[in-house]
Amino acid sequence: SKSGGRNAISFFQPFMQEAADQRLKIEQDLRMAIEKEGFMLFYQPQVDHTGVMIGAEVLIRWDHPEQGIVSPADFILVAEESSLILDIGLWVLKNTCQQIRTWLAMGITVPRLSFNVSSRQFRQREFVDQIKNAISETQIPPHLLGIELTESVMIIDIADTVAKMKALKSLGVSIAVDDFGTGYSSLAYLKSLPLDVLKIDRSFVGDILLDSNDAIIIETIISMARHLRLRVVAEGVETEEQFELLKKLGCLLFQGYYFSRPLPSVNFAQKYLRSAKS
Ligand code: C2E
Ligand code: CA
Ligand code: CA
Ligand code: CA
């Protein structure tokens, strides 16, 4: 506060203690959830300009015994500060593959499912092997899997990133840059990495009708992506007006509440998946 350092400190100390206690509680509850399989996966469709689904993003939810469904915004950061994120990440990978396996066994056509990978998980030496193992244990076609990584994760160790991405690409797993445009990194890395998709961050999409700079940024990203032969997905599309303007700017793929919220597997399958036979 403006009233001086002393006051600010005495004001913030109890608050910080509370925050620390709260984090400890979340950590303990997360440990329990990992043991008891207390997580769920939701699926949000990605569509083309006609609204036809071309893939889906996998988003974790925590089914907390007291709080109900907890959003990842409320626990991923805590998990990332400990090694819990590694267990959670592995659970997401395995369960995504198992879900694909289950749907395929039911005769259902499955689109590509992309899941989020956090920094510590990607930097692990065994990351690529974990994906290989999950694919071979479930015997799913690898091209049904995709990963989403933020720019900041990719540029920490470019040589390691390139090696891992090449290994994943040779399996058939697709790679997307998440929250594209929010990092402060140079764009040079784009041409040295074997990427498939840029996901335009929803902060640009949200203001696209209000702020002409955001429209210009999006147009620039789209034309750059075209030259680099990358697909572009606009995230966080909430209104028809945003959808229409994005199409005018040359965007081909979309994701957001306007099309669908993330859905539990059963609802997602009912609404978006069809039997391969019919
Ligand atoms: P993200 O990867 O950028 O995922 C997109 C987020 O935007 C999701 O929030 C999604 O529900 C939300 N969203 C989708 N459409 C719209 C829209 O039209 N408007 C608005 N306002 N939001 C929209 P969610 O599911 O709460 O996930 C938040 C973040 O948590 C994700 O952001 C991702 O960074 C992280 N996360 C989610 N699942 C996982 C996971 O399995 N592993 C890891 N490491 N992180 C995850
Ligand atoms: Ca994502
Ligand atoms: Ca995103
Ligand atoms: Ca994000």
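Is it fair to say residue 114 is open to solvent by 50 Å² or more (accessible area, probe 1.4 Å) and within 15 Å of the chain's Cα centre (by Cα)? No, not satisfied.
Right, residue 102: of a type in the set (S, T, N, Q) and under 23 Å from residue 36 (Cβ atoms) or not? For residue 102, the condition - of a type in the set (S, T, N, Q) and under 23 Å from residue 36 (Cβ atoms) - is met.
Looking across 210, 246, 198, one residue alone is in contact (Cβ under 8 Å) with a residue 12 or more places away in the chain and away from ligand 4 (no atom under 16 Å from the Cβ). It is 246. Considering the range 13-72, the residues that are small (Gly, Ala, Ser) and at pLDDT 90 or above include one that is surrounded by the most Cβ atoms within 10 Å (Cβ to Cβ), namely 56.
A residue that is among the acidic types (Asp, Glu), within 20 Å of the chain's Cα centre (by Cα) and more than 16 Å from ligand 4 (Cβ to nearest atom) occurs nowhere in the range 166-184. Being within 16 Å of ligand 3 (Cβ to nearest atom) and either open to solvent by 60 Å² or more (accessible area, probe 1.4 Å) or in contact with a helix residue (DSSP H, G or I) (Cβ under 6 Å, 6 or more places away or on another chain) (or both) is the requirement here; does residue 152 meet it? Yes; evaluated as a whole, the condition is true for this residue. For the range 73-100, a tally of residues being open to solvent by 20 Å² or more (accessible area, probe 1.4 Å), away from ligand 4 (no atom under 16 Å from the Cβ) and in contact with a Phe, Trp or Tyr (Cβ under 9 Å, 6 or more places away or on another chain) returns 3. Annotation for the range 215-229: at least one member residue is out of contact with any strand residue (DSSP E or B) (no Cβ under 6 Å at 6 or more places or on another chain), small (Gly, Ala, Ser), touching a residue at least 24 places away in the same chain (Cβ under 8 Å) and away from ligand 4 (no atom under 16 Å from the Cβ).
Could you list, in sequence order, the residues of the range 257-278 that are free of Cβ contacts under 8 Å to residues at least 60 places away in the same chain and either buried (at least 21 other Cβ atoms within 10 Å of the Cβ) or assigned to a helix (DSSP H, G or I) (or both)? Explain how you work it out, then say what you get.
Of all residues in the range 257-278, those free of Cβ contacts under 8 Å to residues at least 60 places away in the same chain come to 257-258, 266-267, 270-271, 278.
Answer for the range 257-278, where residues must be free of Cβ contacts under 8 Å to residues at least 60 places away in the same chain and either buried (at least 21 other Cβ atoms within 10 Å of the Cβ) or assigned to a helix (DSSP H, G or I) (or both): 266, 267, 270, 271.
Before we move on, is residue 172 away from ligand 2 (no atom under 16 Å from the Cβ), touching a residue at least 24 places away in the same chain (Cβ under 8 Å) and under 16 Å from residue 230 (Cα atoms)? Taking the combined requirement at face value, the residue satisfies it.
The values are calculated or read from the model by the stated rules, or taken from the named source; none is laboratory data. Values in this document were obtained by computation on a predicted structure and should not be read as measured data. For neighbour counting, all protein chains shown are included, and Cβ atoms are generated from backbone atoms with ideal geometry for every residue, glycine included. Just so you know, the surface numbers come from the protein's heavy atoms only, side chains and all, with ligands and any DNA or RNA stripped out. Shrake-Rupley method; radii C 1.70, N 1.55, O 1.52, S 1.80 Å.
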